[in-house]
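Working notes, structure below.
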Amino acid sequence: MDIKKSGIAGTVIVAVLLSVIYAGGFFIRMEYRLFSEREYGRELPFTLESPLLFKYADMLASGYNVPDMDFTVQHPEGLDVKKDLSTEGGFIPAAIYRCFGSAAPFSRFIRIFFPAFYCLGIFGIFTAAKNLFGGDESGLAAAAVNSFSLMSVVRSSGVEFSGENFALPFICLHLGLVCAYIRNPSLLYAGLSAVALAAAQVFWDMSQIYLSIWLIIAVTYLFAGKDIGKYKPIVLFSVVAVFYAGIVSPYLRAHGFLCSLPMLGFYLLGFFMLLTGQIKFLAKKQVLVIIWFGLCVFSGLVSLYGSDYGSIYSNFISLFFEKIKYANQIPSDPSRLSWDVRVLWTPALDSVGFRGVLEYFGVTGFVFLLGFCRLIYHVFKNRFMDLLFLIPFVLISFAMFVLFRRMYVFLIIPVSVICGSLTAGLTGRYARTLVLSCLLLLAATEASRVYACRSRWARDIDYAAYEDIMMWADNATPEGSVILANFTVCPGLNYYGGRKVIFHPKFENPALRKKIFDYGEALFSENESGFSVFCDRYSVDYYVFTRGTYSTRGPYSMRYIWNVPEERPRCAARKFESYDTVPFRFVPVYDNGVYKAFYYVNGKKMEAVEKYTDEGIRFLNSGDKNSAENSFKKALDIYPLYKPASFHLGRLYMQKGKIDEALELIKNSKEILFK
């Protein structure tokens, strides 16, 4: 059937096919997550920063407001929630949950919500391809690729709670509305696209990359001598909408978004678009480009060195330049990178080689190459000139993907749209139907590849050990306890364990970065006493150590991040890793094979231990054995491994004739005996 000319019947067919594509995308994302849950045996706990984001969304779903300050996180100064975390996305599922109600807990609802909400983006992809290439077939093919591609599925299954799951559907919607405007210039499309772009910025700070891509596309058009005057409504509406978002969002406001590099570029672009034609010399595009580019460079320097934006994102900007400097390969010598760069150069932001490109693209890559070649051919033939922007869009996105693996979430958007070009320009219903059928079949093949490789792309996390240490914190530590742990574990200890934590894994805060740096320096210090000083500074009650912190070598390891290539047998990390030694003032209380928990005898408690021990020695020397025994036991109740108290209690038991108990205590304190 010819969809283009079938009237209502054709519309119904398109709606049915699009609904099937949506349902298929939702199913494969659900199955992607459920596979891991079946392996684990129950619902997966959230990891990394997800427990914190879910914590505040759960508050909203329960009818509570998100607090301005959360003093259980980033202890003792507390977390400025709305400024340090982008929590706005949580309002959407919380509002739906409260309006419609649900018998299931919110944690189960949110894992269904994420795939369902993310898949709404395929309607934006459909709209983009349909308007660019002039046919429903193109839209359906693009939607199918986006729905089933690994790059689209892997981050949207509900395994984690992430701002990108809220932002990316709006980014797809923005692209669809921009393409609709290209085909049919309308202020309605321009206004709605601006709202979608602003929403994406609010929900996820990395949407600034998408904003930057459009800025580069505008520069490309200007340098190519293209007339972008007809896009003036989109640019001006976008500047106003995104500026408003930067004002009303506490997170964007606190992160200097209004003075960010992409925003300054857009201000200047909108300003010159207003003035072009009004001032005579600006009518010349060459003058416009030179002045605009110069002002962008100047404002960029101001943004980096004269505003909060520069200090907040300086580590990511440094990482970008270091990747270029070292040809996208992490140096084997950590001293060649700053700590700010080493701590960010993680697998998620690592480079992607040829093999990685093949793994992520799969069948999608084959379809994309065909579509890209066809697009280039038509551009050279001066056809489809309105979609010229897709070429810099996909090239920039691919370059970002090669530099930073996680950027595949942006790359899949233009890739999907370009795949839809294969049906464009075909005459005859049989030709279009045949090509569309082949594309849908290839999309189904990609879906089967993703489905078959679920275990390969599952997160490399020991969920059992992770959840076990959270339950230990909840059940075995007093309420109000302060727990120190690696920044990747702290959010879980806070939400699932219900305890105060020192860190969280959002590195935009310079003060938090400094605190994490000091933690690592103390942990790997040549003298273990430095780690006790750090724990005393933050009133730590328990420390959760992750096995492998000291023993693991190579890039991405803790030793690489803190530049510790040599062996340091006396450092606290080495002793925590060992089975035969424990740092002074730490008492092992739990070990599940992945995480080791220690009770910490802080400064005030240590003063009490020494007081009771000295008191017991005086009683013992004066002959008051019962009082001495009570004093020594009080000291050991606080610090069971305190050797002076163990030794003198052993002496006392020897005098009382309790030989076995005495020998055990003296054996544990043999260093004092030898002295």
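For the chain, the Cβ-based charge dipole about the Cα centre amounts to some 1660 debye (Lys, Arg positive; Asp, Glu negative; other atoms uncharged).
Among 121-130, 318-327, sorting by the average number of other beta carbon atoms lying within 10 angstrom of each residue, highest first, gives 121-130, 318-327.
Taking a probe of 1.4 Å, how large is the accessible area per residue of segment 343-421, in Å²?
Details: 2980 Å² over 79 residues.
Accessible area per residue: 38 Å².
So, counting K/R as plus one and D/E as minus one, what does the shell of residues with Cβ under 11 Å around residue 93 add up to? Charge balance in the 11 Å sphere: +1.
Loop-resident trypsin sites (Lys or Arg not before Pro) (DSSP state other than H, G, I, E or B) in segment 1-99 with no more than 14 further Cβ atoms inside 10 Å of their Cβ: 42.
How much net charge surrounds residue 21 when only other residues with a Cβ under 15 Å from its Cβ are counted (Lys, Arg +1; Asp, Glu -1)? Before the final figure, lay out the partial values.
On the way: positive: 29, 130; negative: 136, 137, 446.
Net local charge, residue 21 excluded: -1.
When the convex hull of the Cα atoms of segment 1-74 is projected onto a plane and the area is averaged over all directions, what value comes out in nm²?
On the way: hull surface 38.3 nm².
Computing the convex hull of the Cα atoms and averaging its projections yields 9.6 nm².
Can you list the GluC sites (Glu not before Pro) in segment 532-590 that are in a DSSP coil and have 11 or fewer other beta carbons within 10 angstrom? Hits after loop and neighbour filter: 566, 567.
A full extension of the chain between residue 618 and residue 380 corresponds to an added length of 76.1 nm, given 0.36 nm per residue minus the alpha carbon distance.
In this simple spin-label model, placing a label point 7 Å from the Cα along the Cα-to-Cβ direction at both residue 399 and residue 99 gives a separation of 4.2 nm. Taking 7 Å steps out from each Cα toward its Cβ at residue 107 and residue 183 produces label points 4.5 nm apart. Computed from label points 7 Å out along Cα-Cβ, the spacing between residue 335 and residue 317 is 2.8 nm. The accessible surface of the chain, taken with every protein chain in place and a 1.4 Å probe, is 62 percent carbon and sulfur.
Once R0 is set to 41 Å, what does the formula 1/(1 + (r/R0)^6) return for the Cβ-Cβ distance between residue 373 and residue 77, expressed as a FRET efficiency to the nearest 0.05?
0.15
For segment 86-111, backbone nitrogen atoms closer than 18 Å to the point 7 Å from residue 248 Cα along Cα-to-C-beta are found at 86-96. For segment 506-601, the Kirkwood radius over C-alpha pairs fed into Stokes-Einstein at 10 °C and 1.306 mPa s yields D = 115 µm² per second.
Along its principal axes, the chain has C-alpha extents of 107, 56, 48 angstrom, given from the largest down. Computed over segment 572-672, relative contact order equals 18 percent, with contacts defined as Cα pairs under 8 Å that lie 6+ residues apart.
What chymotrypsin sites (Phe, Trp or Tyr not before Pro) in segment 14-102 are in a loop by DSSP, with at most 12 other Cβ atoms within 10 Å of the Cβ?
The qualifying sites are 64, 71.
On full extension of the chain, what length is gained from residue 581 through residue 630, given 0.36 nm per residue of separation minus the C-alpha to C-alpha distance? Please report the intermediate quantities before stating the final value.
Numbers: separation 49, 0.36 × 49 = 17.64 nm, distance 2.77 nm.
Working it through step by step, the gained length comes to 14.9 nm.
The values are calculated or read from the model by the stated rules, or taken from the named source; none is laboratory data. Because the structure is a prediction, the values reported are computed rather than measured. Here Cβ is always computed from backbone atoms with ideal geometry, including for glycine, and neighbour counts include all displayed protein chains. Just the protein is used for accessible areas: all its heavy atoms, side chains included, with ligands, DNA and RNA removed. Shrake-Rupley method; radii C 1.70, N 1.55, O 1.52, S 1.80 Å.
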